[in-house]
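The values are calculated or read from the model by the stated rules, or taken from the named source; none is laboratory data. Worth saying up front: this structure is predicted, and the values here are computed from it rather than measured. Virtual Cβ from ideal backbone geometry, glycine too; neighbours counted across all protein chains shown.
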Amino acid sequence: MTSLACQSLDVSIAGKLICTQLDLQLAPGQFWGLLGPNGIGKTTLLKCMAGLSCPDTGRVLLENQAIEKLPRRAIARLLGMLQQHTVYLFDASVLETVLTGRHPHLDYWEREGPNDKQTALDALQAVDLEGFESRSVTGLSGGEARRLAFASLIVQEPAVLLLDEPTNHLDIKHQVRIMNLVEKQVQQMQHCALTALHDVNLAARYCSHILMLFGEGEWQAGPADEILNQANLERLYQCPVEPVQTSAGKRFLPGN
């Protein structure tokens, strides 16, 4: 089963430390939440873990191989990343766009076949974009474009998912829909996911594990029920937090 690991990872941007000596293993069946305040470096860390940028020191391993040594095409068959922002500048149909997720699995110059098209149609239905196939991507709303980007990731069929604020621009219904789909990928298909989130309660609802970035290279990681507590969250966000017990488990509200 595919896994992603960080070994003694130091990452910084513009002289600011994001993490120091980060040791982390994303194992099949684990749903990790990545939490931290704005500007702390969540996006930079995700890009480093995807092999899109180099760490200062340490290694990222995909299937026990140094990710920088693997061809991008091989990485794309195993790992998929949803970027923080979704903007479509060039005219293409929704179906054409979601089918790009199949490209890592096709030979050079090979065209998509019926199975690829059905996979794409199923993904569009899963994200509530059924009937949008012939629509131009340039005419989509922010939420529709976000759901299309996620559908393209599903079509890619990666065993490792790195998601940068996947619920960005989405209403509550579609936030839950996307998080349910990630949960399905993790639990039913035994994939693994690391998801940057700003909503602590979505992390509390869905994530099995949590990685917190505190700044100046400091971090904490572990099972969600150990990491998500009042003291850690108040340290993380530098504001009062009030834990509330609900029928679904502990949730957190802004304190006075």
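Odds and ends about this structure:
- Candidate set from region 94-142 (those that are of a type in the set (S, T, Y) and closer than 29 Å to P71 by Cβ); member that is modelled with the lowest pLDDT: Y108
- Criterion (free of Cβ contacts under 8 Å to residues at least 60 places away in the same chain, more than 13 Å from L34 (Cβ to Cβ) and not polar (S, T, N, Q)) met by exactly one of V155, V186, V160: V155
- The residues of region 40-82 that are among the charged types (D, E, K, R) and over 14 Å from the mean Cα position of the chain (by Cα), listed by number, are D56, R59, E63, E68, K69, R72, R73, R77.
- For region 97-142, filtered to residues that are of a type in the set (G, A, S) and buried (at least 18 other Cβ atoms within 10 Å of the Cβ), the residue that is farthest from the chain's Cα centre (by Cα) is A120.
- Of the residues making up region 32-62, those that are surrounded by 19 or more Cβ atoms within 10 Å (Cβ to Cβ), under 19 Å from L236 (Cβ atoms) and of a type outside the set (V, I, T) are W32, G33, L34, L35, G36, G41, K42, L45, L46.
- Restricting attention to region 163-200, the residues that are closer than 22 Å to L213 by Cβ, over 11 Å from the mean Cα position of the chain (by Cα) and assigned to a loop (DSSP other than H, G, I, E, B) total 3.
- Residues of region 201-228 satisfying the condition of being surrounded by 14 or more Cβ atoms within 10 Å (Cβ to Cβ) and either in a loop (DSSP other than H, G, I, E, B) or among the polar types (S, T, N, Q) (or both): N201, C207, S208, G217, Q220, L228
- So P158, is it part of a loop (DSSP other than H, G, I, E, B), touching a His at 6+ places or on another chain (Cβ under 9 Å) and within 23 Å of K47 (Cβ to Cβ): yes
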